[in-house]
Amino acid sequence: MKSVKPKKNLGQHFLTDLSIAHRIADTVDACPDIPVLEIGPGMGVLTQYLVEKPREVKAVEIDAESVAYLYEKFPRLRENIIGEDFLRMDLSQIFDGRQFVLTGNYPYDISSQIFFKMLDYKDLIPCCTGMIQREVALRMAAAPGSKAYGILSVLMQAWYDVEYLFTVDENVFNPPPKVKSAVIRMTRNDVTDLGCDERLFKRLVKAVFNQRRKMLRVSLRQLFNTGKPADGFYEQDIMTKRPEQLSIPQLVGLTNMVAEQLELASFANGGRERSDVRS
């Protein structure tokens with residue numbers, strides 16, 4: 001079989017170290033007995049170890065050349081190789097509504113988009129593993145108070161326990177990336193309800209971390225489009241903090257504080273303030 005040439009526009013960096021591929025494949029064992037969906041199998045270096053496991057495996061690959069290669073290399077998997085764009089797929093249809101593990105050597109340029117899509121299907125995906133850019137992995141696993149703690153940390157850790165498993169050097173890829181990689185595992189936590197308006201929570205997290213150097217009393221003002229909160233709202237102790245100092249429960253509490261003020265502002269503005277912020 002003719003090898004697939006890595007395509008720069010697809011962010012392809014093919015893993016060449018089989019021992020590392022085997023270790024990544026074994027990370028899915030944290031969630032046994034459910035199917036596995038691999039994203040971006042390329043030439044199947046990870047796939048070859050996944051198919052050895054006693055569970056159903058499907059793979060999504062956007063590159064037509066790679067799909068043709070996989071058809072030839074894994075003829076018995078042919079019906080389970082999906083030549084589509086993962087970001088455009090309805091994940092509830094892949095295994096007929098059953099839960100599954102997400103794994104892969106994720107394209108670096110869209111890894112965050114992949115994980116945000118995963119959040120939309122978090123009840124279907126109890127476990128996600130795989131390899132990503134080390135910097136992104138550190139952000140996802142970061143704790144409050146660190147420079148790496150940000151939007152990705154909060155939104156992932158609100159629903160998943162994130163584990164940084166091990167680092168992978170540049171020289172085990174073709175072509176070698178310019179940065180180190182890391183293997184992570186995310187397992188759904190026990191949270192079924194954040195305890196606040198989820199849409200407002202996302203907007204608040206993005207708003208305050210996009211101005212992470214500013215105190216909350218400054219960065220929160222953008223959430224109040226036409227009205228303003230009650231007197232004393234910005235004088236509370238928490239308002240002198242910066243977002244990276246807050247834990248997820250504190251951010252949930254802050255979301256509820258903002259929601260209460262938006263409710264009050266909506267009455268003063270004929271309901272417009274609340275609808276503007278939630279749009």
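The values are calculated or read from the model by the stated rules, or taken from the named source; none is laboratory data. Predicted model only: the values in this text are computed from it and were never measured. All Cβ positions, glycine included, derive from the backbone under ideal geometry; neighbour counts span all protein chains shown.
Tabulated data
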{"read-out": "Identity of the residue in the stretch 24-51, under 17 Å from F74 (Cβ atoms), of a type outside the set (A, V, I, L, M) and within 18 Å of the chain's Cα centre (by Cα), that ends up surrounded by the most Cβ atoms within 10 Å (Cβ to Cβ)", "value": "E38"}
{"read-out": "Any chance V172 is out of contact with any His (no Cβ under 8 Å at 6 or more places or on another chain) and surrounded by fewer than 19 Cβ atoms within 10 Å (Cβ to Cβ)", "value": "yes"}
{"read-out": "Residue in the stretch 59-75 that is crowded, with 16+ Cβ neighbours inside 10 Å, under 22 Å from the mean Cα position of the chain (by Cα) and closer than 23 Å to D33 by Cβ present", "value": "yes"}
{"read-out": "Residues (farther than 22 Å from E65 by Cβ and surrounded by fewer than 18 Cβ atoms within 10 Å (Cβ to Cβ)) located in the stretch 85-94", "value": "D90, S92, Q93"}
{"read-out": "Sole residue being more than 20 Å from F116 (Cα to Cα), free of Cβ contacts under 8 Å to residues at least 40 places away in the same chain and not hydrophobic (A, V, I, L, M, F, W, C), chosen from P54, P6", "value": "P54"}
{"read-out": "Pairs where the first residue, in the stretch 88-115, is in the same structural domain as R23 (by TED's automatic domain parsing) and the second is surrounded by fewer than 19 Cβ atoms within 10 Å (Cβ to Cβ) and among the basic types (K, R), C-beta under 6 Å, 6+ apart", "value": "none"}
{"read-out": "Selection count where residues are without any contact (Cβ under 8 Å) to a residue 40 or more places away in the chain and either touching a helix residue (DSSP H, G or I) at 6+ places or on another chain (Cβ under 8 Å) or among the hydrophobic types (A, V, I, L, M, F, W, C) (or both), scope the stretch 161-188", "value": "5"}
{"read-out": "Count - residues of the stretch 95-123 that are in a loop (DSSP other than H, G, I, E, B) and buried (at least 19 other Cβ atoms within 10 Å of the Cβ)", "value": "3"}
{"read-out": "Every residue from the stretch 19-75 that is in a helix (DSSP H, G or I), within 20 Å of F100 (Cα to Cα) and either of a type in the set (D, E) or at pLDDT below 95 (or both)", "value": "D26, D29, A30"}
{"read-out": "Top-ranked residue of the stretch 209-248 - restricted to ones that are surrounded by fewer than 16 Cβ atoms within 10 Å (Cβ to Cβ) and of a type in the set (S, T, Y), ranked as farthest from N189 (Cα to Cα)", "value": "T226"}
{"read-out": "Flag for L251 being in a helix (DSSP H, G or I), modelled with pLDDT of 95 or more and either touching a Leu at 6+ places or on another chain (Cβ under 7 Å) or crowded, with 17+ Cβ neighbours inside 10 Å (or both)", "value": "yes"}
{"read-out": "Conditions (1) part of a loop (DSSP other than H, G, I, E, B); (2) under 20 Å from M156 (Cα atoms): number failed by L87", "value": "(1)"}
{"read-out": "Filtered residue count, the stretch 127-160, keeping only those that are over 23 Å from V208 (Cα atoms) and either more than 11 Å from the chain's Cα centre (by Cα) or β-branched (V, I, T) (or both)", "value": "7"}
{"read-out": "Filter pass, I82 being surrounded by 14 or more Cβ atoms within 10 Å (Cβ to Cβ) and either touching a residue at least 40 places away in the same chain (Cβ under 8 Å) or of a type in the set (D, E, K, R) (or both)", "value": "no"}
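Per-residue answers, yes or no, for (1) crowded, with 16+ Cβ neighbours inside 10 Å; (2) in a loop (DSSP other than H, G, I, E, B); (3) out of contact with any strand residue (DSSP E or B) (no Cβ under 6 Å at 6 or more places or on another chain):
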| residue | (1), (2), (3) |
| --- | --- |
| I132 | yes, no, yes |
| M140 | yes, no, no |
| S146 | no, yes, yes |
| L152 | yes, no, yes |
| K178 | no, yes, yes |
| A182 | yes, no, no |
| R185 | yes, no, no |
| D190 | no, yes, yes |
